[in-house]
Amino acid sequence: AHRLSEARARLRSRDLVELTIGDADYLRIQRTGATEIAIGKKDFDWEIYQPKATKAETTAVTDFVKKIDELDIKEFIDQGDPKEFGLDQPAVTVAIYQKGLKADDKDKDSKDKAKKDDKKKEEEKKEESSDATTEPKGEPIQVAFGKRDEEKNLVYVRRGDEPSIFAVSSEGLADILDRDYLAYRRKQVLSFIEPDIAKLSIYRDGQK
C-alpha cells in the first residue's frame with residue numbers, strides 16, 4: 001500500500017498552481033492579525049488599493065506572483081486534519097486573479113466614446129475614482145499557508161476549497177509571506193520628465 005501511494009504521488013502534477021504571470025492583475029494577501037493587502041494592475045502599472053491607495057513597486061509584486069507560481073509540491077497529504085497543519089486558521093491566505101480587471105469589449109467601447117465626447121469630464125471622473133477599490137471579476141487562484149515545519153523546511157498549504165493538504169518548500173517563502181504593504185510601495189521619491197526641468201535649487205546648512 002505504501003509503494004502504491006508513492007507511485008500515485010509520482011504520477012501527480014507537482015505544480016501547486018497553474019497561472020500565467022502576464023495575466024495576473026489583482027492580488028489579495030491576508031495575514032493573520034494584519035490588514036488585507038489588495039494590489040491591482042492598472043494598464044501596465046501596479047497600484048496598491050488596500051490598506052492605502054498608492055503606487056506599487058512592480059518588481060516586488062511580480063516577484064511575489066512568480067514565487068507563488070513556482071511553488072512545487074514536496075508532499076501529498078490526502079487525509080490530514082487541517083488543524084494539525086495550521087490550516088483551520090491559515091497564517092496567510094493569497095488570492096490571485098487572472099484578467100480580473102480586464103474590461104469587456106462593450107465597456108471599452110463605451111469608455112472610448114465617452115472620452116471622445118467629453119475628455120475633460122472623463123479625466124475628472126478618473127481623478128474622483130482613483131482612490132476607490134477596484135473589484136476584480138472571476139474566480140481567483142487561492143492558496144492558504146499554514147504551519148511551518150522548520151526541521152523539514154516545509155510549509156503546509158491548501159488550494160481553494162480542496163480538502164487535500166500539500167507541503168511546499170519554505171525556502172525563500174517565509175520572507176515574502178511576512179511582508180506588509182510597505183514592501184510593495186513604490187520606492188521612487190519623485191517623478192518628473194527631465195526635459196521639463198527649468199530650475200534646480202539646492203539648500204544645505206541654511207545656504208542656497
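The values are calculated or read from the model by the stated rules, or taken from the named source; none is laboratory data. Note that this is a predicted model, so its numbers are computed, not measured. Note that we place each Cβ from the backbone using ideal geometry, even for glycine, and neighbour counts take in every protein chain shown. Side chains are part of the model used for accessible areas, which takes the heavy atoms of the whole protein and leaves out ligands, DNA and RNA. Shrake-Rupley method; radii C 1.70, N 1.55, O 1.52, S 1.80 Å.
Restricting attention to the stretch 33-73, the residues that are of a type outside the set (A, V, I, L, M, F, W, C), farther than 18 Å from LEU19 by Cβ, open to solvent by 70 Å² or more (accessible area, probe 1.4 Å) and assigned to a loop (DSSP other than H, G, I, E, B) add up to 4.
Among the residues of the stretch 152-171, what is the count of those that are under 27 Å from GLU57 (Cβ atoms) and either open to solvent by less than 50 Å² (accessible area, probe 1.4 Å) or assigned to a helix (DSSP H, G or I) (or both)? Spell out the reasoning first.
At the first step, the residues of the stretch 152-171 found to be under 27 Å from GLU57 (Cβ atoms) are 155, 157, 168-171.
Then drop every residue that is not either open to solvent by less than 50 Å² (accessible area, probe 1.4 Å) or assigned to a helix (DSSP H, G or I) (or both), which leaves 155, 157, 168-170.
Residues that pass the stated criteria total 5.
Could you tell me whether LYS187 is modelled with pLDDT of 95 or more, more than 15 Å from LEU71 (Cβ to Cβ) and open to solvent by 50 Å² or more (accessible area, probe 1.4 Å)?
Taking the combined requirement at face value, the residue does not satisfy it.
Among the residues examined, ILE77 does not qualify as modelled with pLDDT of 95 or more and open to solvent by less than 70 Å² (accessible area, probe 1.4 Å).
I need a count of the residues in the stretch 17-32 that are farther than 15 Å from LEU182 by Cβ, buried (at least 16 other Cβ atoms within 10 Å of the Cβ) and not polar (S, T, N, Q).
Initial filter on the stretch 17-32 (farther than 15 Å from LEU182 by Cβ): 17-28, 30, 32.
From the residues that got through so far, the ones that are buried (at least 16 other Cβ atoms within 10 Å of the Cβ) too are 17, 19, 24-28, 30.
Restricting the remaining residues to those that are not polar (S, T, N, Q) gives 17, 19, 24-28.
Here the count works out to 7.
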